[in-house]
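K.L.:
Dumping the structure here so I can ask a few things about it.
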Amino acid sequence: MSDRSGGGGGFGSFLFGIVLGAVAGFVFAPTERGATTRRKMTKGLRNLKELAEEKVDEVRGLLQEAEDDAEAEVEADEPEEEEPELATREQLRRRLEAARRRRRAARPASPAEEEDDPLA
């Protein structure tokens, strides 16, 4: 009788090694296909980095606007009863649009970025 206290992890590790080796071989192959794959991966990672930076900038803008709004509310002595309260979702939507407009105005759009933007 065999003692299997470790479970069936040996076969899973074996399959993982095969998949990892195939991916590494495909990516680092000295053929044109390997070079093309590396270029596509590099471009994809670069686009992902730019997208992450944009989202971080948007969040920073939203946080700064929220902080400014909070300071303005504390400084204001009189409650504003004349304007109806906007829903939180609407306030966030407006702030996001304002941040996007500022970002577009601060940086000229290149043709490559226009292609990567979603249509919706």
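K.L.:
For the pair Ala35/Ala52, report the inter-label distance in nm, with labels modelled 7 Å from Cα in the Cβ direction.
P.N.:
In this crude spin-label approximation the distance works out to 2.9 nm.
K.L.:
Work out, step by step, the length gained on full extension between Arg93 and Leu15: first 0.36 nm times the residue separation, then minus their alpha carbon distance; give nm to one decimal.
P.N.:
23.4 nm
K.L.:
Determine the gain in length on full extension of the stretch Arg100-Leu63; use 0.36 nm per residue of separation and subtract their C-alpha separation, reporting nm with one decimal.
P.N.:
Result for the pair: 11.9 nm of gain on full extension.
FYI, it's all coordinate maths here, none of it is from the lab. Everything numeric here is computed off the predicted structure, so don't read it as measured data. All Cβ positions, glycine included, derive from the backbone under ideal geometry; neighbour counts span all protein chains shown.
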